[in-house]
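A.B. asks: Below you'll find the structure I mean.
Each reported figure results from applying straightforward, stated rules to the coordinates on display, with no laboratory input. Remember, it's a predicted structure, so these values are computed and weren't measured experimentally. Glycine gets a Cβ as well: all are built from the backbone with ideal geometry, and neighbour counts include every protein chain shown.
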Amino acid sequence: MAMHDYQFFDPRLGLLQEKETAWFRKENGIKAPLLEGEEDTMEQRVEDQALEQRTIDEAEPLTEEEIAEKERLSLHGFGDWNKRDFQQFVNGSAKYGRKAFDHIAMEVDSKDLKEVREYAAVFWKRYKEIGNWEKHYHAIVDGETRTQRVIEQREMLRRKMKMYRVPLQQLKLSYTVSTTNKKVYTEEEDRFLLVMLDKHGIDTEGLYEKLRDEIRESPLFRFDWFFLSRTPQELGRRCATLITTVTREMEGGSGKENKRVVEEVEEEDEEVEKPAPKKGRVSGGAAAKNKAVNGVKGTPNGNSRDASEDTVASAGAAKPKSRSRKK
């Protein structure tokens, strides 16, 4: 009978199993093997082999009482749980929380809700008996921490939305100075992303593909080539920045650590999401280009991309026309 630590059999069953195996080897003349290993461990491996061989030589068959005890104990573990079931249980607990039995049961393919509840009750009492238990324990705890953080962020985003009658038009963000100076998304685009995050939920599966589709279907951005061309990955990075900004604002945090986290995410945005020029906007040369750059840097409230383009357009419009009179 194969036994595994995650099946949580009574330790006494293991001892009876070892005794039965030793007697089987003695009866069939099976010698203790020399385990494989490095050359410098040969002496220790030989000693272990001799000890195991002595156990085989001195082995006795199980008594009738021990046979009955073995059969009884074998019914009290989780012998029908395999390695895949165990890993799915750990993954489900990390994803939904240790007490979300309904959701965990959906993750464990071959077990129903009752079986998952029974296993969880024993697991949380005896998980330290599992080899490398720290890995599994911390996977669950870290997952629960992430889930709780998502719940808090979702609630703070909802609170932010409730501050405005029409968030899509009125919502204001407390951008950091570094964000203002290097922003490639407009305030209108940021507002739209936050409204859509609140609509779909920040932990929804396939979220950023849905946001991409929402952008393409919205008449607000019909001619916004930059926004329309963003990939789900780029939208995900921008949304992470926006959620962090909202969280910092709603928590009232102005400490250096919060600022550092926001700016680190923004640096990633800047590296990947350089704004591409829109079609139909032609620069008037190097001087107009410099004015556009200055327009981006000098725009404090976020419409940086549009402001720079308007600067270019106005540079051309400002030139006086010369008129000649025919004689």
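A.B. asks: Sorted by mean Cβ packing within 10 Å, highest first, what order do the peptides 215-224, 232-241 take? Before the final figure, lay out the partial values.
C.D. replies: On the way: 215-224: 13.0, 232-241: 18.3.
Descending mean neighbour count gives 232-241, 215-224.
A.B. asks: Further question on the same structure: So if each residue of separation counts as 0.36 nm, and I subtract the Cα-Cα distance between E66 and K172, what length gain in nm does that give?
C.D. replies: Length difference between fully extended and current span is 30.7 nm.
A.B. asks: Rounded to whole Å, give me the distance from the Cα center of the stretch 190-228 to that of the stretch 72-88.
C.D. replies: Rounded to whole Å, the Cα centres lie 46 Å apart.
A.B. asks: Give, in nm to one decimal, the length gained when the segment between D213 and K125 is fully stretched (0.36 nm per residue of separation minus the Cα-Cα distance).
C.D. replies: Fully extending the segment from D213 to K125 adds 27.0 nm.
A.B. asks: Could you give the length gained on full extension between D112 and A2, defined as 0.36 nm per residue of separation minus the Cα-Cα distance, in nm?
C.D. replies: My answer for the length gained is 37.3 nm.
A.B. asks: What is the distance, in nm, between label points placed 7 Å from the Cα along the Cα-to-Cβ direction at E134 and at K162?
C.D. replies: 4.3
A.B. asks: Report the per residue volume, in Å³, of the convex hull enclosing the C-alpha atoms of the stretch 80-150.
C.D. replies: Details: hull volume 5.7 nm³, N = 71.
It comes to 80 Å³ per residue, whole-number rounded.
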